[in-house]
Amino acid sequence: MRHLRALCAIADTGSLHRAARLLGTSQPALTTQLRRIEHSLGGLLFSRERTGCRPTPLGQTVLSRARPLLAGMDALVMEVRAAVNGVDGRPRLRIGSTASRAIPGWLRRLRERLPGTETQLHVAVSANALLRLVAAGELDVAFVHQVEGCPLRVPEGLDVRVLVEREPQFISLAVDHPAADADVVDLADLAGDRWMVDPSVDGEWDGLRRVFAAAGLNPPVLHGDYLTAASLVASGEVVTPCQPTSRPRADMAIRPLRGDPLAVRLLLAARAGAYESGVYGVVHSSLDAAYWEAARMSAPYRAWLEGPLALRP
C-alpha cells in the first residue's frame, strides 16, 4: 500500500518534489522508491519532463488499479476506527482544512452549537489530498481553497459548496519596504523583489506564474514553506502572497494588490447527501460566520471590504 500511495501522490502532484512533501519524505528517498517499483514491474511508470512527472501508458494502467485498492483499504481502516471510537456513543466530526485564520472561530462555534460532539482537526497544505480523504471516508468535511485558474481534482461522490466565490490574495512585505507606504501596492512595484511561494500548495505556483506572465514580469522566485517565508519577509529578503485575513505585525505589512490579480475560491466539501443532515448546515454556517469574523479582524482586509468594489458577505 505504501508503494501505491507513493505512485498516486506523484500522479496527483505532478512532481517528485511536491509528492515527497505530501508524503512527508525526502525527494531522493521517493525517487529511489519509484525506481524500485518500476524495476519490479519491468517498465517506466512516469516520464520525467522539465515541467514535472507525467504517467506513461503503463503508469496509467497501474494507477487505474491502484486507486480503487487504496480507496477500499482507506474505507476499511475508516470503518474499523469508527467502530472503535464510537463505543462510547459520542458523535464525532472529522474536519480537514488548509491553513486559515477562520479555524479557531470555526471550532469555537462548533463546540458551542454541537455540544457533546468530539471534533477532530486535520490541517494539510494540499487541498486535493484533503478532498481525497473526504471521498475515502477518513474526513467528514474539508475546508479548502482553489487557486483561480487552477481547478482542484474533485473526486466523484463529493458535494462541494462555495463559501467565498473570490477571495483576493494580498501581499506580505517588510514594514520598511518602499511599497508599504501605499495603501494598495502595484504589482510592478514588486518586480525587482524576490518572491517566495510554497509549491506544495495546490495551484499556488502555477497561479502566481500566470499572474507574472500577464503582467510581463519575471522576478526571481524562491520555493519554500510559508512559515519560513514569514521570517524572510520580515527581514526584507522576499515578498510573498498571503491570505487577506493575515494580520500585520510590527515588522511586516499586509497590503492588497491593485486590481486583485491573485484570487482563490473558498470551498467546503462533504460526501454527497451529507447536507441532508442538519449537522452539516451547522458546520457550514459556523464556518461562514468564523470566516467573516476573521476577515474583519484584519485591518487591511476590513478596509478592502468597505471599499467601493468590495466583496460583500
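The values are calculated or read from the model by the stated rules, or taken from the named source; none is laboratory data. Everything numeric in this text was worked out from a predicted model, so none of it was measured. Quick reminder, even Gly has a Cβ in these numbers, built from the backbone with ideal geometry, and neighbours come from all protein chains shown. Protein only, heavy atoms only, side chains kept; ligands, DNA and RNA dropped before computing areas. Shrake-Rupley method; radii C 1.70, N 1.55, O 1.52, S 1.80 Å.
Just to be sure before I move on: is ASP193 touching a Pro at 6+ places or on another chain (Cβ under 7 Å), outside any helix (DSSP H, G or I), open to solvent by 10 Å² or more (accessible area, probe 1.4 Å) and of a type outside the set (Gly, Ala, Ser) in the structure I sent? The answer is yes for ASP193. Considering the conditions (1) within 19 Å of VAL201 (Cα to Cα); (2) open to solvent by 70 Å² or more (accessible area, probe 1.4 Å); (3) not in a helix (DSSP H, G or I), LEU44 is excluded by exactly one of them, (1). Taken over the stretch 204-219, the residue count meeting the criterion of being touching a strand residue (DSSP E or B) at 6+ places or on another chain (Cβ under 7 Å) and either more than 22 Å from ARG265 (Cβ to Cβ) or in contact (Cβ under 8 Å) with a residue 60 or more places away in the chain (or both) is 2.
Every listed requirement among (1) of a type in the set (D, E, K, R); (2) open to solvent by 20 Å² or more (accessible area, probe 1.4 Å); (3) within 18 Å of the chain's Cα centre (by Cα) is met by GLU156 save one, (3).
Can you find a residue in the stretch 202-211 that is within 20 Å of VAL144 (Cβ to Cβ) and either small (Gly, Ala, Ser) or over 23 Å from the mean Cα position of the chain (by Cα) (or both)? Within the stretch 202-211, one or more residues are within 20 Å of VAL144 (Cβ to Cβ) and either small (Gly, Ala, Ser) or over 23 Å from the mean Cα position of the chain (by Cα) (or both).
Once the stretch 229-250 is narrowed to residues that are touching a residue at least 12 places away in the same chain (Cβ under 8 Å) and in a helix (DSSP H, G or I), the residue that is most open to solvent (accessible area, probe 1.4 Å) is LEU232.
Quick one: how many residues across the stretch 268-307 are in contact (Cβ under 8 Å) with a residue 40 or more places away in the chain and open to solvent by 10 Å² or more (accessible area, probe 1.4 Å)? Spell out the reasoning first.
Initial filter on the stretch 268-307 (in contact (Cβ under 8 Å) with a residue 40 or more places away in the chain): 268-275, 279-280, 282-284, 286-291, 293-295, 297-301, 303-304.
Still in the list and also open to solvent by 10 Å² or more (accessible area, probe 1.4 Å): 271-275, 279-280, 282, 284, 288-289, 293, 297, 299-300, 303-304.
Of the residues in that region, 17 qualify.
Within the stretch 98-119, residues that are part of a loop (DSSP other than H, G, I, E, B) have Cβ atoms under 8 Å from residues that are exposed (fewer than 13 other Cβ atoms within 10 Å of the Cβ) in these pairs: LEU114/PRO91; GLY116/ARG90; GLY116/PRO91; THR117/ARG90; THR117/PRO91, counting only partners at least 6 apart in sequence or on another chain.
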